[in-house]
Amino acid sequence: MGNVIISGVGLWVPPNSISNEELVNSYNAWAQRYNQDNAEQIAAGALEEKPYSSAEFIEKASGIKSRHAYVKDGILDIDRMRPKLAPRADDELSHQAQMAVAAAKKALIAANKTAADIDMVIVSCAYTERSYPAIAIEVQAELGIQGFGFDMLVACSAATFGLQRAHDSIKAGSARCALVINPELISPQINYMDRDSHFIFGDVATAIVMEQESTWNSAHGFEVLSSRCVTSYSNNIRSNFSYVSRVTDEDPFANDKLFHQNGRKVFKEVCPMAAQHIEDHLAALDISVSSLRRWWLHQANINMNLLISKRLLGRDATADEAPIVLDTFANTASAGSIIAFAQHHEDLERDDIGVICSFGAGYSIGSLVLRKR
Ligand code: CO8
């Protein structure tokens, strides 16, 4: 079996952006009203006062300055504090499929491919809008692709784990040319009334075309030298949102049903795991860390990325070596490292080596070592 090539990448960015200041002003107005409305109970110790958020804290603690939202309407409204999406009928394209198709079309153009060339569609992300039929099959139908499609959920590592499935399938001959799409529609799962997490995420969609070398004919190709995934169970990043809430008689939208985490612990535990993972993956390929031309790292927190690259390089990575995109995108779950790849791959020279690496809930860590062709 010949080499496997990433031949095109697509990035769809929602037109709406929300700055830290806008988000904080809305949250603080909501918190102030909550504290006023509940002043007696707070004074009696029956309720906790809501603390105020700060744009300076957010930028310093995370590197995030703004984020994109699929729909901005409703998020900043203190009577709602969540986006307002129009419902879609069964015969209309779903919101998430719409995002996925937009990114997929861009990836197909970059890969110099048409729908007729694709025989496998993987939609891999942190949440899917419904369980079935799979969003991937809806995308497949919308684009007119033959073959098969399926959805995968691996939180922040969904893209790398999806790319590993594609790589393995092409190597094994069960697919010739795969489309791996990450439509991260995260805003509906964000608790905009929680100061600790209201700023973390943004919406986006990314897509990658991966194919056999024999069919590759695009401008920028990256040979997949190897892919590696690992998981280790942790409750430190969790959402209990579930169809089972219907029969446990719980509130299906209670706080624990939305994204929540112990961010400090995640930071402390995941950084060394990710650094070790990258080091081991490169060592298995006889590639030295210092020879890496580019690190397309998961984009959760700028301080995490600096720590991981410093641990491996013994110095700070430059912005050219390990580009940061989370300042304007925030954490986009699995799409973060793919956004970095999409925006920073065309300048690499033949034989330059780079690594895509994700890390997040599960815990889950995934990496692909790529060589520019
Ligand atoms: N404004 C002002 N102060 C704040 C705010 C705020 N918005 N938030 C917290 N503070 C306060 C805290 O309450 C705390 O106060 P005190 O010292 O009095 O207790 C103080 O600031 C410091 O808080 P922290 O220790 O929590 O601050 P950190 O420096 O740790 O920064 C971060 C918080 C940015 C969250 C940081 O811990 C971090 O980035 N950790 C890593 C998190 C991470 O990568 N998580 C991965 C999540 S994503 C993922 O895996 C995919 C999941 C699925 C995606 C879909 C989700 C919807």
Determine the pairs where a residue that is closer than 26 Å to Phe201 by Cβ, located within the stretch 125-149, has a partner that is open to solvent by 20 Å² or more (accessible area, probe 1.4 Å) and aromatic (Phe, Trp, Tyr) with Cβ atoms under 7 Å apart, the partner being 6 or more residues away or on another chain.
-> Ala134/Phe150; Ala136/Phe150
Taking the stretch 13-49 only, how many residues are under 16 Å from Ala330 (Cβ atoms), outside any helix (DSSP H, G or I) and hydrophobic (A, V, I, L, M, F, W, C)?
-> 2
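How do the strands (runs of 3 or more DSSP E) wholly within the stretch 144-235 filter down when requiring 1 or more residues that are under 30 Å from Lys50 (Cβ atoms): which remain? Before the answer, list the steps.
Values: elements: 148-153, 177-184, 204-212, 222-231.
Here the list reads 177-184, 204-212.
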What's the number of the condition Ala43 fails, among (1) surrounded by 15 or more Cβ atoms within 10 Å (Cβ to Cβ); (2) more than 14 Å from the ligand (Cβ to nearest atom)?
-> (1)
Per the filter on the stretch 337-360, residues among the aromatic types (Phe, Trp, Tyr) and within 16 Å of the ligand (Cβ to nearest atom) are Phe359
Close pairs from the stretch 218-236: first within 12 Å of Ile5 (Cα to Cα), partner modelled with pLDDT of 95 or more and among the hydroxyl-bearing types (Ser, Thr, Tyr), Cβ under 6 Å, at least 6 apart | Ser218/Ser7; Gly221/Ser7
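For (1) open to solvent by less than 10 Å² (accessible area, probe 1.4 Å); (2) part of a loop (DSSP other than H, G, I, E, B); (3) more than 11 Å from the ligand (Cβ to nearest atom), each residue gets a yes or a no:
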position	(1), (2), (3)
Trp296	yes, no, yes
Ala300	no, yes, no
Ser309	yes, no, yes
Leu312	no, no, yes
Thr318	no, yes, yes
Ile324	no, yes, yes
Thr328	no, no, yes
Ala335	yes, no, no
Selection count, the stretch 346-373, where residues are open to solvent by 30 Å² or more (accessible area, probe 1.4 Å) and in contact (Cβ under 8 Å) with a residue 12 or more places away in the chain = 8
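Pick out the one residue from Glu48, Glu56, Glu21 that is under 30 Å from Ala103 (Cα atoms), within 14 Å of the ligand (Cβ to nearest atom) and open to solvent by 70 Å² or more (accessible area, probe 1.4 Å). Break it down into steps so the answer makes sense when it comes.
On the way: Glu48 fails: under 30 Å from Ala103 (Cα atoms); Glu56 fails: under 30 Å from Ala103 (Cα atoms).
Answer to the check: Glu21.
So that you can scan it fast, the table gives a plain yes or no per residue for (1) open to solvent by less than 40 Å² (accessible area, probe 1.4 Å); (2) under 30 Å from Asn217 (Cα atoms):
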site: Ser7; (1), (2): yes, yes
site: Pro15; (1), (2): no, no
site: Asn28; (1), (2): yes, no
site: Gly63; (1), (2): yes, no
site: Arg67; (1), (2): yes, no
site: Lys84; (1), (2): no, no
site: Ala104; (1), (2): yes, yes
Where a residue in the stretch 323-334 is at positive phi and its partner, wherever it lies, is within 13 Å of the ligand (Cβ to nearest atom) and part of a helix (DSSP H, G or I), with Cβ under 6 Å and at least six apart | Ala333/Cys156
Counting only residues that are open to solvent by less than 100 Å² (accessible area, probe 1.4 Å) and assigned to a helix (DSSP H, G or I), which one in the stretch 236-252 is nearest to Glu129 (Cα to Cα)?
-> Ser245
Per-region count, the stretch 141-151, residues buried (at least 20 other Cβ atoms within 10 Å of the Cβ) and over 13 Å from Leu108 (Cα atoms) = 2
Return yes or no: is Pro272 without any contact (Cβ under 8 Å) to a residue 40 or more places away in the chain, open to solvent by less than 10 Å² (accessible area, probe 1.4 Å) and under 28 Å from Phe222 (Cα atoms)?
-> no
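The values are calculated or read from the model by the stated rules, or taken from the named source; none is laboratory data. Since we're looking at a predicted model, the values are computed, not measured. Reconstructed Cβ throughout: ideal geometry from the backbone, glycine too, with neighbour counts over all protein chains shown. Heads up: the accessible areas ignore ligands, DNA and RNA and are worked out on the full protein's heavy atoms, side chains in. Shrake-Rupley method; radii C 1.70, N 1.55, O 1.52, S 1.80 Å.
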